[in-house]
Structure formats: structure tokens, C-alpha cells
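So the structure is just underneath, and the comments pick up after that.
Just so it is clear, none of the values below were taken in a lab; they were calculated from the coordinates. Because the structure is predicted, anything quoted here is derived from the model rather than measured.
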Amino acid sequence: MVTYYPVRHYRLPGDPFSLLASSVAKANSMSKSSKKKNPLSASQKKSEQLIRDKEKAAQERAEKTANLRALRLAKEAEDNK
């Protein structure tokens, strides 16, 4: 009777085969991820641009509000004299 031992499914830190397998897997995942990023990059750029535009508009609105408030407070101070 032949006894079969289970295949090792874990990696040891110094195991050259596991290092090779991990580097090949990493290279494959990087090439797949770079292909996946290209279609998303256009939509990501659009969404990032929209966020920047919204933040810029909010900043301009806050500056305008601060300026109007300063003018109102100056006018109220002058009227109270």
C-alpha cells in the first residue's frame, strides 16, 4: 500500500520556492492591477476634479461671507457711534 502525504500549503520564510511563487504572484497581480487602473483612472480623475471644484467653491463662498460679515460689523460699529 502506498501512503501519500499531503502537500504543504504554507510558506516558510526562507523557502526559495515560496519566494519565487510570491514574486511571480506579485508580478502577475501588478500587471493585472495596472490594466484595471486604466479604465478607472479617467473616472477617478473626474471625481477628484469635482471634489476640488466643490472645495474651491466652498472656500470662495466662505471668503465672501467673511468679507460681507466684516463690512456689516464695520457699518454697525460706525452706526453705533
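Under 15 Å of direct C-alpha separation, and excluding same-chain neighbours fewer than eight residues apart, residue 64 reaches these aspartates and glutamates: 55.
Projecting the alpha carbon convex hull of segment 37-81 along each direction and taking the average yields 2.7 nm².
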